[in-house]
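A short worksheet on the structure shown next.
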Amino acid sequence: MKHSLFRALWFVAIAVLLILSVSCDTVNVPKDDQGQAGPAPITEAQTVGDQPQDTVAPVVNYAPDFEVLDKDGNPVKLSDFRGKPVVLNFWATWCPPCKAELPDFDEAAATYGDKVHFLMVNLTDGGRDTVDGVKAFVAENGYTFPVYFDTTYSAANAYRVYSIPTTYLINADGEIIGRKEGMMTGAELEAWIKKLTK
């Protein structure tokens, strides 16, 4: 009896961890006038011109621009960082998987900040996350990565962010070369950064 109870609790704990490790709640991103939330989804390849159907070329997925606020309330655009690779991460303080991956992002930003821009974009909805509340959270945890506040959901709309955490890899030319929805491990992040800086 004791063994079967332990086994049942073990399976419940694993199931909860798996659910939490994937992503947080759906984010309520406002839509534009046509009911869309940003550009078309990223695709891997497309047919080119009159070439046969089995001949494909990579699609160049340019990273949509957006405007967020820095810690001092100044507007900042993604395009301000062109010329250097970018790790773009969408997160919130109320999201357990987001909070679980933040130490790895902080360590990576400290290690690779001279080679890669880290844009840690908080979905600042004014309710669950406020600018002052997020600043306090970052200070309490001793994080040094640059935090940006998406108070109008400009960035979330541009990237169709429906669940968090979500991370994008953007090369120095402004092309999206990777996307991950859900929590990243430190090893995954390290591999991504090596891909960006090779």
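The values are calculated or read from the model by the stated rules, or taken from the named source; none is laboratory data. Please read all numbers here as calculations on a predicted model, not as lab measurements. Note that each Cβ is placed from the backbone with ideal geometry, even for glycine, and that neighbours are counted across all protein chains shown.
Just one of the numbered conditions (1) under 15 Å from Thr197 (Cβ atoms); (2) not in a helix (DSSP H, G or I) is not true of Lys71: (1). On the stretch given as the range 117-172, residues that are touching a residue at least 60 places away in the same chain (Cβ under 8 Å) and among the small types (Gly, Ala, Ser) total 6.
Only one of the listed residues (Asn141, Asn122) is at pLDDT 95 or above, surrounded by 17 or more Cβ atoms within 10 Å (Cβ to Cβ), touching an Asp or Glu at 6+ places or on another chain (Cβ under 9 Å) and of a type in the set (S, T, N, Q). That residue is Asn122. Screening Trp192 on (1) within 10 Å of the chain's Cα centre (by Cα); (2) among the hydrophobic types (A, V, I, L, M, F, W, C); (3) under 11 Å from Pro85 (Cβ atoms); (4) assigned to a helix (DSSP H, G or I) shows it passes everything except condition (1). Taking the criterion of being out of contact with any Pro (no Cβ under 6 Å at 6 or more places or on another chain) and assigned to a strand (DSSP E or B), the residues of the range 90-117 that qualify are Phe90, His117.
When Tyr148 is tested against (1) part of a loop (DSSP other than H, G, I, E, B); (2) under 17 Å from the mean Cα position of the chain (by Cα), just one condition goes unmet, and that condition is (1). Restricted to the range 99-114, and to residues that are of a type in the set (Asp, Glu) and modelled with pLDDT of 95 or more, which residue is surrounded by the most Cβ atoms within 10 Å (Cβ to Cβ)? Across the range 99-114, the extreme among qualifying residues is Glu101.
Comparison of Arg179, Arg160 shows that the only residue that is in a strand (DSSP E or B), surrounded by fewer than 20 Cβ atoms within 10 Å (Cβ to Cβ) and either touching a helix residue (DSSP H, G or I) at 6+ places or on another chain (Cβ under 9 Å) or modelled with pLDDT under 95 (or both) is Arg179.
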